[in-house]
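A.B. asks: Below is a structure I'd like to ask you about.
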Amino acid sequence: MKRLKYLVQRRTNRASDASPYIGLENIESGTGKHIETESTSDGEKLAFHPGDVLFGKLRPYLAKVFLPDFSGACTTEFLVLRPSFEVSARFLFYHLLSPKFIDLVTSFSSGAKMPRAEWDVIGNLEFDAPKISQQRAIADFLDRETAKIDDLIAKNQSILNLLGQARCLAMERAVLSGLRPAEAQRPTPVPSLPAVPCRWSLTRVAYLFHERDERGKPDLPLLNVSLNTGVTVRSFSDEKIERVAEDFGTYKVARNGDMAFNKMRMWQGAVGVAPTDGLVSPDYTVAKPNTGVSAHYYAMVFRTSAYKCEVNRYSHGIAPDRNRIYWDDFKQIVCPHPPYEEQLAIVHSVELEYRHIDSNVSLVTSAIALLREYRSALISTAVTGQLDLRQHEAQLEAIA
């Protein structure tokens with residue numbers, strides 16, 4: 001057992017602007033994998049080289065540790081550590097990444113919103129370093145085993161992506177083409193919508209909804225309008241006073257069953273149906289459905305890729321990612337208009353399909369979480385000597 005500062009040298013050499021840059025955002029939490037981005041920094045940078053280990057001291061609970069195989073520059077929020085002859089760089093990497101070490105560093109961090117651990121504290125933490133040959137054996141073992149786990153995680157992530165695509169396709173097929181696949185279709189004048197069932201009409205939003213601009217109800221609950229979950233009731237922390245009634249007198253009222261959307265993110269599908277009477281930002285739009293109109297059906301319509309394009313076509317902004325759609329433009333959009341009973345049937349069918357897909361998503365998400373938990377536990381037990389590597393590998397061979 002030695003203090004870390006006696007086993008590594010902290011390097012503080014400044015780097016040139018021309019060096020490849022690594023920020024905290026370029027390192028995946030808990031795995032140390034490099035994430036390619038175009039991030040840069042105008043501030044001071046530290047130089048690093050192969051053989052160094054980078055440890056993120058800002059919000060250390062995120063476990064941002066990196067073992068570079070190239071020279072470059074990094075943010076000063078990394079500690080650049082060069083191992084001595086007594087320590088293998090790969091073993092040091094895994095040790096610094098282990099949950100036990102991360103938890104210990106986090107407990108010594110200071111700062112509320114952006115906790116940071118300083119070298120004076122980290123350098124004095126005790127480090128259990130076995131013989132260098134054992135360190136290399138442990139690192140070799142972890143390289144092999146974490147690679148297998150990462151491969152399983154990647155395969156499950158691919159399944160998750162496919163399920164997400166299936167979810168979108170299930171909605172788009174039913175919402176824009178109906179529930180009868182073989183039904184005759186007719187062309188439309190809408191650029192993003194080539195055809196609709198012959199029985200359906202095409203109608204402007206102005207004949208489907210009218211704008212609701214009701215205010216002065218500050219006691220109603222706040223509602224979120226999200227890209228992923230539509231409209232939901234916002235929850236508040238008991239530890240902080242997050243709202244004052246008089247601040248919300250200007251917020252718009254969305255009644256139960258109204259469609260609400262974010263003007264700036266409508267082109268990305270930030271739309272949904274209010275599950276209860278509540279308040280949305282004054283910068284949002286609330287649309288009350290007319291008779292014979294299902295807000296749930298049209299919230300799905302505006303989440304399809306075709307109508308995201310259509311909304312974008314009617315939007316305005318100084319840059320594509322800053323586009324807004326206002327009511328006067330929104331009400332001009334032409335939409336498919338199935339009979340009301342068919343709108344309800346489509347919504348019901350899509351929700352049933354969602355439940356089936358989402359149950360599989362939940363299973364795969366749980367599997368990924370368990371694999372990540374196992375990965376962390378394996379690293380922790382290996383670097384602290386709690387795992388007999390020979391016995392573990394023998395068990396794995398027996399299982400195989």
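A.B. asks: Scan the stretch 28-39 and give yes if some residue there is of a type outside the set (Gly, Ala, Ser), in a loop (DSSP other than H, G, I, E, B), open to solvent by 50 Å² or more (accessible area, probe 1.4 Å) and on the phi > 0 side of the Ramachandran plot, otherwise no.
C.D. replies: no
A.B. asks: Inside the stretch 95-141, can you point out the residues that are more than 16 Å from residue 389 (Cβ to Cβ), assigned to a helix (DSSP H, G or I), open to solvent by 70 Å² or more (accessible area, probe 1.4 Å) and among the hydroxyl-bearing types (Ser, Thr, Tyr)?
C.D. replies: Answer for the stretch 95-141, where residues must be more than 16 Å from residue 389 (Cβ to Cβ), assigned to a helix (DSSP H, G or I), open to solvent by 70 Å² or more (accessible area, probe 1.4 Å) and among the hydroxyl-bearing types (Ser, Thr, Tyr): just 107.
A.B. asks: Now for a separate question. Where the second residue is among the small types (Gly, Ala, Ser) and surrounded by 12 or more Cβ atoms within 10 Å (Cβ to Cβ) and the first is in contact (Cβ under 8 Å) with a residue 40 or more places away in the chain and lies in the stretch 359-381, which pairs have Cβ atoms under 7 Å and are six or more apart or on separate chains?
C.D. replies: Hits for this filter: 372/30; 376/30; 379/98; 380/98.
A.B. asks: Report yes if some residue within the stretch 329-340 is part of a helix (DSSP H, G or I), open to solvent by 20 Å² or more (accessible area, probe 1.4 Å) and modelled with pLDDT of 95 or more; otherwise report no. Step through it out loud before you land on a result.
C.D. replies: Initially, the stretch 329-340 is screened for residues part of a helix (DSSP H, G or I), giving 329-330, 340.
Next, from what is left, pick out any that are open to solvent by 20 Å² or more (accessible area, probe 1.4 Å): 329, 340.
Next, from what is left, pick out any that are modelled with pLDDT of 95 or more: 329, 340.
Checked the stretch 329-340: at least one residue is part of a helix (DSSP H, G or I), open to solvent by 20 Å² or more (accessible area, probe 1.4 Å) and modelled with pLDDT of 95 or more.
A.B. asks: Could you grab the pairs with beta carbons closer than 6 Å, sequence gap of 6+ or different chains, first residue in the stretch 101-122 and on the phi > 0 side of the Ramachandran plot, second one open to solvent by 20 Å² or more (accessible area, probe 1.4 Å) and in a loop (DSSP other than H, G, I, E, B)?
C.D. replies: If the second residue must be open to solvent by 20 Å² or more (accessible area, probe 1.4 Å) and in a loop (DSSP other than H, G, I, E, B), no pairs are left.
A.B. asks: Here is a list: 189, 218. Which entry is open to solvent by 40 Å² or more (accessible area, probe 1.4 Å) and in a loop (DSSP other than H, G, I, E, B)? Steps first, please.
C.D. replies: Working: 218 fails: open to solvent by 40 Å² or more (accessible area, probe 1.4 Å).
Step by step, each of 189, 218 is checked, and only 189 is open to solvent by 40 Å² or more (accessible area, probe 1.4 Å) and in a loop (DSSP other than H, G, I, E, B).
A.B. asks: To continue, here is another question. Inside the stretch 247-288, counting only strands (runs of 3 or more DSSP E) that do not spill past its ends, which hold 3 or more residues that are more than 23 Å from residue 313 (Cα to Cα)?
C.D. replies: 252-254, 278-280
A.B. asks: Another one. Here is a list: 311, 293. Which entry is part of a loop (DSSP other than H, G, I, E, B), under 30 Å from residue 185 (Cα atoms), at pLDDT 90 or above and of a type in the set (A, V, I, L, M)? Give the derivation first.
C.D. replies: Details: 311 fails: part of a loop (DSSP other than H, G, I, E, B).
Being part of a loop (DSSP other than H, G, I, E, B), under 30 Å from residue 185 (Cα atoms), at pLDDT 90 or above and of a type in the set (A, V, I, L, M) holds for just one of 311, 293, which is 293.
The values are calculated or read from the model by the stated rules, or taken from the named source; none is laboratory data. Not measured: the values here are computed from a predicted model. When we count neighbours, we look across all protein chains shown, and the Cβ atoms used for this are built from the backbone with ideal geometry, even at glycine. With ligands, DNA and RNA removed, areas are computed over all heavy atoms of the protein, side chains included. Shrake-Rupley method; radii C 1.70, N 1.55, O 1.52, S 1.80 Å.
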